[in-house]
Every structure is written in C-alpha cells, then in structure tokens.
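Before any comments, here is the structure.
Please treat every number below as a calculation from the coordinates, not as lab data. Worth saying up front: this structure is predicted, and the values here are computed from it rather than measured. Virtual Cβ from ideal backbone geometry, glycine too; neighbours counted across all protein chains shown.
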Amino acid sequence: MDWHFKHIIPTDFPSNLKVNTMIEDIFQNNRISRNNDLANSARESSQNSERNVIKLEKKVENLLIVTEALWTIIKKSHKLEDSDLEKLIEKIDLKDGRLDGRVAKTGPVKCQNCGKTVQNGNVKCMYCGTKSTKGVFQR
Ligand SMILES: [Zn+2]
C-alpha cells in the first residue's frame, strides 16, 4: 500500500508558517488586551487620586475659613493684632531650626507604663494598651 503522511493531512490545513502567524496573533491580541486593562486601571486610579485631591482642597479651604473665624474672635476678645499671630507662627515654625512653613515631625514616644516605643499614629501602646501620652500637636 502506497501510503504517505501528507495524505492524511487535509489540503486546507494551514502550513506551519500560517500556524505560527496564528499563534503570534493570539499572543499579540493577549498583550494588547492586557495593556488595555492596565491603561484602564491606571486611568481609574488617576481619576480617584484627582477626586481625593479635590476633596482635600475643599477640606483645607474649610479649615482656613474656620481658622480665620477663630482668629477673628480671639483677636477681638484679647485685643491682639495680626502681627501677634504672625510672630507666634514664626516662633512655632522655627522650633525645628528652619523657617520653612513646616513643623518637623516628632519621633515616636515611649509608653509611660511599660517604656516601649509607641509608633506614630497609635493611640494606645500595642504592648500594654496604655493610652499614648503624645501631645495634640505632635506629629
Ligand atoms: Zn505600654
């Protein structure tokens, strides 16, 4: 019997070159799809960040209004001038040795009960549960 391998392959079966091209197309489409997903995710993240900045700007504006209102009340009731406030702001700014409109962050405090370090932002000591003695304006 004269039988040859090529006889069992359909005549319309793609050649190796066509199969390779098809596989490359599949991978290429997969990469494009993955990059589109990444681009969409980045766009969404950027939009969230923009919304958060707008929220923060509104909060800062509100704090400025409240601060000005409080200062106006204090100024009137204690017969102070704006220059008194400006001097005090400068004094506080200079606490860290630099006049830069910022206050240096303070380091972590020690627990008054067990003496272990209480990390910044923690209200209670994570070792013994004692409330932190960190001051109101410590950062
Ligand atoms: Zn403690």
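Before moving on, here are some points about what is shown:
- Under 13 Å from the Cα of K58 - aspartates and glutamates, other chains or at least 8 residues apart: E50
- Bridging of K79 to lysines at a Cα separation below 17 Å is possible for K87, once same-chain residues fewer than 8 apart are set aside.
- Angle between the chain longest axis and helix 16-78 axis [Cα atoms, degrees, rounded to 10]: 10 degrees
- Kirkwood-based Rg to Rh ratio, the chain, C-alpha trace: 1.46
- For segment 13-79, dividing the convex hull volume of the Cα atoms by the residue count gives 47 Å³ per residue.
- Extension gain, S77 back to E90 (0.36 nm per residue minus Cα-Cα distance, nm): 2.4 nm
- In this rough spin-label picture, where each label sits 7 Å from Cα along the Cβ direction, the R31-I54 distance is 3.7 nm.
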